[in-house]
Amino acid sequence: DISASANMSASYYYGDGSKLTGVSSTATTKGVAGSLQFKTGSTSMTGSSDITYDLDNNRLTIGGGLVHNRTAVTASHTASVSDYILGATAVPSSILVDASLFSTGQVLLVKDETGTADPSTPVTINPSGSQTVDGASSLTIESAHGSVLIYSDGSNWFIY
């Protein structure tokens, strides 16, 4: 859904986002407006952008606050690939995580937002089928306001 602009050459692509197609007029109110710059060679780029990637230094720069997707979890929840922060708003709660659905290196942050988790009312993370979290069949958050960050290798989960 990206069209070429007059600012395109063989050594790099440059644009202010004004020539993007397939973006609805209401999308700008949702933060889509702005520009991206991706350096693909040694030619320097001019102008400014809120998001840049510098291949020479392997560095992504975001000129603004980074906002992660948060999903409120009540009694039970099945994590999806669009989740990042899973905020337990009720305990006990149970979260099913399937590593085979997530990209290698994709992370999930699970947090007891109630402050009431304890050994008798934990937040439980249950990997799908025979999957594990650091070799265990489940993982529990048993302390008030506790949290854990896990990542997938596509087959299992690991504490980060």
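The values are calculated or read from the model by the stated rules, or taken from the named source; none is laboratory data. Only a predicted model underlies this, so the values are computations on that prediction, with no experimental measurement involved. For neighbour counting, all protein chains shown are included, and Cβ atoms are generated from backbone atoms with ideal geometry for every residue, glycine included. Accessible surface is based on the protein model in full, side chains and every heavy atom, while ligands, DNA and RNA are left aside. Shrake-Rupley method; radii C 1.70, N 1.55, O 1.52, S 1.80 Å.
For region 66-112, the normalised intensity computed at q = 0.14, 0.18, 0.25, 0.31 Å⁻¹ comes to -0.31, -0.51, -0.91, -1.22 (log10 of I(q)/I(0), Debye sum over alpha carbons, equal scatterers, no solvent).
Phi angles of region 90-95 translate, via the Karplus equation with coefficients 6.51, -1.76, 1.60 and θ = phi - 60°, into HN-Hα couplings of 8, 10, x, 9, 10, 10 Hz per residue; Gly and Pro are given as x.
Solvent-accessible area per residue in region 51-160 equals 53 Å², computed with a 1.4 angstrom probe and all protein chains kept.
Heavy atoms only, 1.4 Å probe, whole protein assembly: order TYR151, TYR160 by accessible area, highest first.
Working: TYR151 75, TYR160 170 Å².
I get TYR160, TYR151, largest accessible area first.
Remark: accessible surface ordering of LEU109, LEU55 (largest first) is LEU55, LEU109, probe radius 1.4 Å.
Arrange the residues ASP50, ASP118 by how much accessible surface each exposes, largest first, with a 1.4 angstrom probe.
Details: ASP50 90, ASP118 55 Å².
So the residues, ranked largest to smallest area, are ASP50, ASP118.
Spacing of the modelled spin labels on SER155 and ILE62, each 7 Å from Cα toward Cβ, amounts to 3.1 nm.
Net charge in the neighbourhood of ILE159 (other residues with Cβ under 13 Å of its Cβ; Lys, Arg +1, Asp, Glu -1) is -2. Residue by residue, region 61-71 carries 3J(HN,Hα) couplings of 10, 10, x, x, x, 8, 10, 9, 5, 10, 10 Hz when phi is fed to the Karplus relation 6.51 cos²θ - 1.76 cosθ + 1.60 (θ = phi - 60°); x denotes Gly or Pro. With the biggest extent put first, the Cα atoms of region 81-160 measure 32, 22, 17 Å across the principal axes.
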